[in-house]
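What follows is a set of notes on a single structure, which appears directly below.
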């Protein structure tokens, strides 16, 4: 499996180089190379994950290394889907390097997962984990779009129509793309929470245990729910939506990392993360 992981990192790295080169030189050849290399990396990544699943017989989320690798795969997959839908080529300068960073960090971590248990084969656990991670990937892209929106808005307001103004899409396209990312992420996070609640009932006999990760995931859900609600009722668009998408992703990162390292809860009973 290591050869596929190494190939995945190589493809993702060269892809990120292609996207960054496209940012600077605006040549379609750089974008195409970045795109196809990311697709190649995604396929290798899927092969590595599939091999690990077949070898262990369980969803590869038993430690931080496995979880991060699955997260990187989700980021790459969601980005490819959104690029196909919105043709937002420039988002690759955020998505591709982020995928590389996650994979490089994951590859340096010890490969020491917990011994497989039957609960890892639970449909509701698999549904919960995949829904949440893919939803998180959509939120990561929303954060990236939010950053690009603020950069482009600053260029317009300061009338500095230079490097970024010429290379970034319109504010309207960035805003609509970011909102779509949030809708997709919110829908998947909601589905994942439902799956997690059903799974919790089957394991602990209760739908909700006030586990720290449950609480912070709920807080994350509320932040994005407020953003969607305010957009629909109060017309929150543009700058406000961009800033809140960045804040929401920061809370999500704390939920993903901070809760596990700083607080103890039920989730740590089943994984080493």
Looking at segment 160-179, is at least one residue in a helix (DSSP H, G or I), in contact (Cβ under 8 Å) with a residue 40 or more places away in the chain, more than 24 Å from residue 22 (Cα to Cα) and not assigned by TED's automatic domain parsing to the domain that holds residue 94?
-> yes
Return a yes/no flag: does segment 182-199 have any residue that is modelled with pLDDT of 85 or more, under 18 Å from the mean Cα position of the chain (by Cα), more than 19 Å from residue 129 (Cβ to Cβ) and part of a helix (DSSP H, G or I).
-> yes
Limited to segment 200-229, what total is found for residues that are in a loop (DSSP other than H, G, I, E, B) and under 19 Å from residue 135 (Cα atoms)?
-> 0
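The values are calculated or read from the model by the stated rules, or taken from the named source; none is laboratory data. Small disclaimer: the values here were computed from a predicted structure and weren't measured. Positions of Cβ are generated from backbone atoms using ideal geometry, with glycine treated the same way; all protein chains shown enter the neighbour counts.
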